[in-house]
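*Asks:* Have a look at the structure that comes next, please.
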Amino acid sequence: MSEPYTVGIDVSMDRLDVAILPGGQRLFVANDAAGWAELVGRLQRCAIAAIGLEPSGGYERGVVRALLAAGFSVRRINPNKLRQFARARGVLAKNDRLNAQLIAEYVAIMPTRPVQSDPAAERLAEIVTMRRQLCDAHVAAENQASHLEDAMLRRIAKRRLARIEADIRLLDKRLAELVAAELGLARRSPARPRPDLVLARRFRLLCSMPGVGATLAYTLLALLPELGAIGRKQIAALVGLAPYDFDSSKFRGQRHIYGGRMAVRNVLYMAALAAFRFNPALKAFHRRLLAAGKKPKVAIVAVMRKMTGVLNAMLRDKTDWVDHTTGRHIVPAT
(Lines give C-alpha, C1' and ligand atoms only; values in the text may rest on other atoms or scores of the structure.)
Protein backbone atom coordinates (compact mmCIF):
# COMPACT_ATOMS: atom_id res chain seq x y z
CA MET A 1 0.00 0.00 0.00
CA SER A 2 1.46 3.35 -1.05
CA GLU A 3 -1.28 5.98 -0.58
CA PRO A 4 -1.73 7.62 2.85
CA TYR A 5 -4.11 5.82 5.16
CA THR A 6 -5.94 6.89 8.31
CA VAL A 7 -6.32 4.55 11.25
CA GLY A 8 -8.98 4.44 13.96
CA ILE A 9 -8.41 2.56 17.22
CA ASP A 10 -11.14 1.75 19.72
CA VAL A 11 -9.48 1.20 23.09
CA SER A 12 -10.83 -1.10 25.78
CA MET A 13 -9.19 -2.52 28.89
CA ASP A 14 -7.78 -5.66 27.23
CA ARG A 15 -8.20 -5.16 23.48
CA LEU A 16 -7.62 -2.71 20.64
CA ASP A 17 -9.98 -2.76 17.66
CA VAL A 18 -8.32 -1.20 14.62
CA ALA A 19 -9.81 0.07 11.35
CA ILE A 20 -7.71 1.23 8.37
CA LEU A 21 -9.23 3.47 5.69
CA PRO A 22 -9.61 3.50 2.76
CA GLY A 23 -10.02 -0.19 2.13
CA GLY A 24 -11.85 -1.09 5.30
CA GLN A 25 -9.16 -3.37 6.73
CA ARG A 26 -9.84 -4.45 10.30
CA LEU A 27 -7.75 -6.14 12.96
CA PHE A 28 -7.57 -6.42 16.70
CA VAL A 29 -4.68 -6.90 19.11
CA ALA A 30 -4.29 -7.20 22.86
CA ASN A 31 -3.93 -3.97 24.83
CA ASP A 32 -0.51 -4.88 26.26
CA ALA A 33 3.14 -4.53 25.27
CA ALA A 34 3.04 -7.52 22.91
CA GLY A 35 -0.13 -6.21 21.25
CA TRP A 36 1.34 -2.72 20.83
CA ALA A 37 4.47 -4.17 19.19
CA GLU A 38 2.33 -6.26 16.83
CA LEU A 39 0.22 -3.22 15.91
CA VAL A 40 3.28 -1.06 15.25
CA GLY A 41 4.78 -3.79 13.09
CA ARG A 42 1.64 -4.05 10.97
CA LEU A 43 1.17 -0.31 10.59
CA GLN A 44 4.80 0.25 9.59
CA ARG A 45 4.06 -1.64 6.37
CA CYS A 46 1.56 1.06 5.39
CA ALA A 47 1.82 4.76 4.57
CA ILE A 48 -0.07 6.09 7.59
CA ALA A 49 -1.16 9.74 7.55
CA ALA A 50 -2.72 9.83 11.04
CA ILE A 51 -3.96 7.56 13.81
CA GLY A 52 -6.96 8.50 15.96
CA LEU A 53 -8.26 7.14 19.25
CA GLU A 54 -10.54 8.17 22.09
CA PRO A 55 -9.30 8.76 25.65
CA SER A 56 -10.40 5.73 27.66
CA GLY A 57 -9.63 6.46 31.29
CA GLY A 58 -5.90 5.86 30.88
CA TYR A 59 -6.12 2.55 29.00
CA GLU A 60 -4.90 4.34 25.87
CA ARG A 61 -1.63 5.64 27.36
CA GLY A 62 0.51 2.59 26.55
CA VAL A 63 -0.48 2.33 22.89
CA VAL A 64 -0.14 6.11 22.42
CA ARG A 65 3.43 6.01 23.75
CA ALA A 66 4.27 3.03 21.54
CA LEU A 67 2.86 4.71 18.42
CA LEU A 68 4.63 8.01 19.14
CA ALA A 69 7.91 6.19 19.74
CA ALA A 70 7.49 4.52 16.33
CA GLY A 71 7.09 7.94 14.69
CA PHE A 72 3.35 7.89 13.93
CA SER A 73 1.13 10.97 14.09
CA VAL A 74 -1.47 10.28 16.82
CA ARG A 75 -4.68 12.25 17.50
CA ARG A 76 -6.89 12.07 20.59
CA ILE A 77 -10.55 12.45 19.62
CA ASN A 78 -13.13 14.08 21.89
CA PRO A 79 -15.78 11.37 22.56
CA ASN A 80 -18.64 13.88 22.46
CA LYS A 81 -17.53 15.23 19.07
CA LEU A 82 -17.18 11.69 17.75
CA ARG A 83 -20.73 10.85 18.85
CA GLN A 84 -22.07 13.98 17.15
CA PHE A 85 -20.10 13.04 14.03
CA ALA A 86 -21.69 9.58 14.06
CA ARG A 87 -25.20 11.02 14.37
CA ALA A 88 -24.52 13.44 11.53
CA ARG A 89 -23.61 10.45 9.37
CA GLY A 90 -26.79 8.64 10.42
CA VAL A 91 -24.99 6.04 12.54
CA LEU A 92 -27.05 5.20 15.63
CA ALA A 93 -25.49 1.85 16.56
CA LYS A 94 -22.40 1.69 18.78
CA ASN A 95 -19.88 -1.12 19.11
CA ASP A 96 -16.10 -1.45 19.16
CA ARG A 97 -15.64 -2.26 15.46
CA LEU A 98 -17.97 0.52 14.39
CA ASN A 99 -16.26 2.96 16.75
CA ALA A 100 -12.86 2.21 15.24
CA GLN A 101 -14.22 2.87 11.74
CA LEU A 102 -15.88 6.13 12.82
CA ILE A 103 -12.64 7.31 14.43
CA ALA A 104 -10.74 6.61 11.20
CA GLU A 105 -13.37 8.53 9.19
CA TYR A 106 -13.31 11.42 11.69
CA VAL A 107 -9.52 11.73 11.46
CA ALA A 108 -9.69 11.67 7.66
CA ILE A 109 -12.36 14.40 7.44
CA MET A 110 -12.21 16.64 10.50
CA PRO A 111 -9.35 18.91 11.62
CA THR A 112 -7.44 17.36 14.53
CA ARG A 113 -4.32 18.23 16.51
CA PRO A 114 -1.38 15.78 16.84
CA VAL A 115 -0.49 14.53 20.30
CA GLN A 116 2.86 15.87 21.55
CA SER A 117 5.07 13.57 23.58
CA ASP A 118 6.18 15.28 26.81
CA PRO A 119 6.83 12.86 29.71
CA ALA A 120 7.38 15.67 32.23
CA ALA A 121 4.06 17.34 31.35
CA GLU A 122 2.28 13.96 31.51
CA ARG A 123 3.58 13.32 35.04
CA LEU A 124 2.56 16.84 36.03
CA ALA A 125 -0.94 16.33 34.59
CA GLU A 126 -1.37 13.07 36.52
CA ILE A 127 -0.49 14.74 39.82
CA VAL A 128 -2.63 17.82 39.09
CA THR A 129 -5.61 15.57 38.32
CA MET A 130 -5.14 13.61 41.55
CA ARG A 131 -4.87 16.86 43.51
CA ARG A 132 -8.11 18.15 42.00
CA GLN A 133 -9.86 14.88 42.91
CA LEU A 134 -8.59 15.14 46.49
CA CYS A 135 -9.83 18.74 46.72
CA ASP A 136 -13.27 17.62 45.51
CA ALA A 137 -13.23 14.79 48.07
CA HIS A 138 -12.26 17.29 50.79
CA VAL A 139 -15.22 19.54 49.94
CA ALA A 140 -17.60 16.54 49.95
CA ALA A 141 -16.24 15.26 53.28
CA GLU A 142 -16.42 18.73 54.83
CA ASN A 143 -20.04 19.16 53.74
CA GLN A 144 -20.92 15.74 55.13
CA ALA A 145 -19.13 16.42 58.43
CA SER A 146 -21.09 19.63 58.99
CA HIS A 147 -24.31 17.60 59.35
CA LEU A 148 -22.99 14.81 61.61
CA GLU A 149 -24.36 14.69 65.13
CA ASP A 150 -22.77 11.52 66.52
CA ALA A 151 -19.46 12.27 68.31
CA MET A 152 -17.70 9.18 66.93
CA LEU A 153 -18.72 10.02 63.36
CA ARG A 154 -17.43 13.57 63.82
CA ARG A 155 -14.05 12.21 64.98
CA ILE A 156 -13.89 9.89 61.97
CA ALA A 157 -14.74 12.78 59.63
CA LYS A 158 -12.10 14.96 61.27
CA ARG A 159 -9.43 12.28 60.79
CA ARG A 160 -10.54 11.80 57.18
CA LEU A 161 -10.28 15.53 56.46
CA ALA A 162 -6.84 15.70 58.09
CA ARG A 163 -5.64 12.80 55.94
CA ILE A 164 -6.93 14.40 52.73
CA GLU A 165 -5.27 17.71 53.65
CA ALA A 166 -1.98 15.91 54.30
CA ASP A 167 -2.21 14.18 50.91
CA ILE A 168 -2.86 17.51 49.18
CA ARG A 169 0.22 19.03 50.87
CA LEU A 170 2.24 15.99 49.77
CA LEU A 171 1.15 16.46 46.17
CA ASP A 172 1.96 20.18 46.33
CA LYS A 173 5.46 19.24 47.46
CA ARG A 174 5.76 16.70 44.64
CA LEU A 175 4.69 19.28 42.05
CA ALA A 176 7.33 21.71 43.30
CA GLU A 177 9.95 18.93 43.14
CA LEU A 178 9.04 18.10 39.53
CA VAL A 179 9.46 21.71 38.41
CA ALA A 180 12.68 22.09 40.42
CA ALA A 181 14.07 18.89 38.87
CA GLU A 182 13.31 20.22 35.39
CA LEU A 183 15.11 23.46 36.29
CA GLY A 184 18.13 21.53 37.56
CA LEU A 185 18.28 19.49 34.35
CA ALA A 186 18.19 22.67 32.27
CA ARG A 187 21.05 24.18 34.29
CA ARG A 188 23.20 21.05 33.95
CA SER A 189 22.61 20.90 30.18
CA PRO A 190 22.25 24.51 28.98
CA ALA A 191 23.21 23.56 25.41
CA ARG A 192 20.63 20.80 25.13
CA PRO A 193 18.18 21.78 22.34
CA ARG A 194 14.59 22.23 23.47
CA PRO A 195 11.58 22.99 21.26
CA ASP A 196 10.06 25.14 23.97
CA LEU A 197 10.68 26.52 27.42
CA VAL A 198 11.33 24.04 30.20
CA LEU A 199 8.58 23.62 32.77
CA ALA A 200 10.45 25.59 35.42
CA ARG A 201 10.90 28.64 33.20
CA ARG A 202 7.29 28.55 32.03
CA PHE A 203 6.22 28.23 35.67
CA ARG A 204 8.29 31.29 36.63
CA LEU A 205 6.83 33.36 33.79
CA LEU A 206 3.26 32.44 34.75
CA CYS A 207 3.80 33.25 38.43
CA SER A 208 5.25 36.68 37.56
CA MET A 209 1.67 37.89 37.00
CA PRO A 210 0.00 39.09 40.24
CA GLY A 211 -2.98 36.84 40.88
CA VAL A 212 -1.37 33.71 39.42
CA GLY A 213 -0.28 31.33 42.15
CA ALA A 214 1.35 27.93 42.10
CA THR A 215 -1.93 26.01 41.81
CA LEU A 216 -3.04 27.88 38.68
CA ALA A 217 0.46 27.72 37.16
CA TYR A 218 0.66 23.94 37.66
CA THR A 219 -2.84 23.52 36.21
CA LEU A 220 -2.04 25.58 33.12
CA LEU A 221 1.24 23.74 32.51
CA ALA A 222 -0.41 20.33 32.89
CA LEU A 223 -3.86 20.75 31.38
CA LEU A 224 -3.35 23.59 28.89
CA PRO A 225 -0.07 22.76 27.09
CA GLU A 226 -1.23 24.84 24.09
CA LEU A 227 -0.74 28.04 26.12
CA GLY A 228 1.77 30.23 24.30
CA ALA A 229 1.56 28.25 21.05
CA ILE A 230 -1.78 29.43 19.61
CA GLY A 231 -3.81 32.65 19.42
CA ARG A 232 -5.68 34.31 22.28
CA LYS A 233 -9.10 33.56 20.77
CA GLN A 234 -8.22 29.87 20.39
CA ILE A 235 -6.96 29.72 23.97
CA ALA A 236 -10.18 31.35 25.23
CA ALA A 237 -12.21 28.74 23.34
CA LEU A 238 -10.10 25.87 24.71
CA VAL A 239 -10.66 27.03 28.29
CA GLY A 240 -14.36 27.64 27.60
CA LEU A 241 -14.32 31.43 27.91
CA ALA A 242 -15.22 32.39 24.34
CA PRO A 243 -18.67 34.07 24.03
CA TYR A 244 -20.73 32.38 21.32
CA ASP A 245 -23.54 33.96 19.30
CA PHE A 246 -27.13 32.81 19.58
CA ASP A 247 -28.75 34.71 16.70
CA SER A 248 -31.31 33.85 14.05
CA SER A 249 -32.62 36.27 11.43
CA LYS A 250 -33.72 39.39 13.36
CA PHE A 251 -33.43 37.66 16.71
CA ARG A 252 -30.35 38.61 18.72
CA GLY A 253 -29.80 36.34 21.67
CA GLN A 254 -27.42 36.65 24.58
CA ARG A 255 -23.79 35.59 24.20
CA HIS A 256 -22.78 32.71 26.44
CA ILE A 257 -19.56 30.81 27.08
CA TYR A 258 -19.76 27.11 26.34
CA GLY A 259 -17.66 23.94 26.50
CA GLY A 260 -13.93 24.00 27.10
CA ARG A 261 -11.74 22.49 29.79
CA MET A 262 -13.70 22.79 32.99
CA ALA A 263 -10.80 21.76 35.24
CA VAL A 264 -8.75 24.73 33.98
CA ARG A 265 -11.71 27.13 34.08
CA ASN A 266 -12.56 26.30 37.71
CA VAL A 267 -9.03 27.05 38.94
CA LEU A 268 -8.82 30.17 36.77
CA TYR A 269 -12.08 31.47 38.28
CA MET A 270 -10.61 31.40 41.80
CA ALA A 271 -7.43 33.07 40.56
CA ALA A 272 -9.46 35.81 38.84
CA LEU A 273 -11.18 36.64 42.13
CA ALA A 274 -7.77 37.44 43.60
CA ALA A 275 -6.39 39.02 40.43
CA PHE A 276 -8.97 41.80 40.11
CA ARG A 277 -8.31 42.75 43.73
CA PHE A 278 -4.50 42.74 43.76
CA ASN A 279 -3.41 43.14 40.14
CA PRO A 280 -3.57 46.89 39.31
CA ALA A 281 -4.18 46.39 35.58
CA LEU A 282 -6.92 43.79 36.06
CA LYS A 283 -8.42 45.79 38.92
CA ALA A 284 -8.82 48.82 36.62
CA PHE A 285 -10.18 46.58 33.84
CA HIS A 286 -12.75 45.04 36.21
CA ARG A 287 -13.86 48.46 37.47
CA ARG A 288 -14.35 49.74 33.91
CA LEU A 289 -16.61 46.80 33.12
CA LEU A 290 -18.72 47.32 36.23
CA ALA A 291 -18.95 51.06 35.52
CA ALA A 292 -20.19 50.21 32.02
CA GLY A 293 -23.07 48.25 33.56
CA LYS A 294 -21.75 44.72 33.13
CA LYS A 295 -23.05 42.12 35.56
CA PRO A 296 -20.52 40.96 38.21
CA LYS A 297 -20.27 37.42 36.79
CA VAL A 298 -19.80 38.75 33.27
CA ALA A 299 -17.01 41.01 34.54
CA ILE A 300 -15.27 38.09 36.28
CA VAL A 301 -15.44 35.97 33.12
CA ALA A 302 -13.98 38.89 31.16
CA VAL A 303 -11.12 39.08 33.67
CA MET A 304 -10.53 35.34 33.24
CA ARG A 305 -10.44 35.75 29.46
CA LYS A 306 -8.07 38.71 29.81
CA MET A 307 -5.77 36.65 32.02
CA THR A 308 -5.58 33.78 29.52
CA GLY A 309 -4.79 36.22 26.71
CA VAL A 310 -2.04 37.95 28.65
CA LEU A 311 -0.52 34.70 29.94
CA ASN A 312 -0.63 33.29 26.42
CA ALA A 313 1.30 36.32 25.12
CA MET A 314 3.82 36.12 27.99
CA LEU A 315 4.70 32.50 27.19
CA ARG A 316 4.67 33.17 23.44
CA ASP A 317 7.08 36.11 23.78
CA LYS A 318 8.95 34.60 26.77
CA THR A 319 8.55 37.79 28.79
CA ASP A 320 7.65 38.46 32.42
CA TRP A 321 4.58 40.35 33.54
CA VAL A 322 4.92 44.12 33.23
CA ASP A 323 2.79 46.44 35.35
CA HIS A 324 2.03 49.14 32.79
CA THR A 325 0.77 51.47 35.50
CA THR A 326 4.34 51.73 36.86
CA GLY A 327 6.44 50.24 34.04
CA ARG A 328 8.04 47.77 36.46
CA HIS A 329 8.73 44.11 35.79
CA ILE A 330 7.46 41.80 38.52
CA VAL A 331 9.66 38.72 38.77
CA PRO A 332 9.07 36.16 41.54
CA ALA A 333 11.96 34.62 43.39
CA THR A 334 13.16 31.26 42.03
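The values are calculated or read from the model by the stated rules, or taken from the named source; none is laboratory data. None of the values given here were measured: they were computed from a predicted structure. All Cβ positions, glycine included, derive from the backbone under ideal geometry; neighbour counts span all protein chains shown. What goes into the accessible areas is simple: the full protein's heavy atoms, side chains included, and nothing from ligands, DNA or RNA. Shrake-Rupley method; radii C 1.70, N 1.55, O 1.52, S 1.80 Å.
*Asks:* Please find, within the stretch 208-219, the residue that is nearest to Met304 (Cα to Cα) out of those that are in contact with a Phe, Trp or Tyr (Cβ under 9 Å, 6 or more places away or on another chain) and outside any loop (DSSP other than H, G, I, E, B).
*Replies:* Restricting to residues being in contact with a Phe, Trp or Tyr (Cβ under 9 Å, 6 or more places away or on another chain) and outside any loop (DSSP other than H, G, I, E, B), the top hit is Ala217.
*Asks:* Tally up the residues in the stretch 52-84 that are at pLDDT 90 or above, of a type in the set (S, T, N, Q) and open to solvent by less than 70 Å² (accessible area, probe 1.4 Å), please.
*Replies:* Adding up the residues that qualify gives 1.
*Asks:* Among the candidates Val11, Val40, single out the residue that is over 25 Å from the mean Cα position of the chain (by Cα), over 16 Å from Pro114 (Cβ atoms) and either surrounded by 20 or more Cβ atoms within 10 Å (Cβ to Cβ) or among the hydrophobic types (A, V, I, L, M, F, W, C) (or both).
*Replies:* Val40
*Asks:* Suppose we filter Ala140, Ala120, Ala108 for residues that are in contact (Cβ under 8 Å) with a residue 60 or more places away in the chain, assigned to a helix (DSSP H, G or I) and open to solvent by 50 Å² or more (accessible area, probe 1.4 Å); which single one remains?
*Replies:* None of the other options fit; the residue is Ala108.
*Asks:* If you don't mind, another one. Here are some conditions: (1) farther than 30 Å from Leu205 by Cα; (2) in contact with a helix residue (DSSP H, G or I) (Cβ under 7 Å, 6 or more places away or on another chain); (3) part of a helix (DSSP H, G or I). Leu148 meets all but one. Which one does it not meet?
*Replies:* Going through the list (1) farther than 30 Å from Leu205 by Cα; (2) in contact with a helix residue (DSSP H, G or I) (Cβ under 7 Å, 6 or more places away or on another chain); (3) part of a helix (DSSP H, G or I), Leu148 breaks only (3).
*Asks:* Would the stretch 94-116 turn up any residue that is modelled with pLDDT under 95, touching a strand residue (DSSP E or B) at 6+ places or on another chain (Cβ under 9 Å) and within 22 Å of Ala217 (Cα to Cα)?
*Replies:* Scanning the stretch 94-116 turns up at least one residue that is modelled with pLDDT under 95, touching a strand residue (DSSP E or B) at 6+ places or on another chain (Cβ under 9 Å) and within 22 Å of Ala217 (Cα to Cα).
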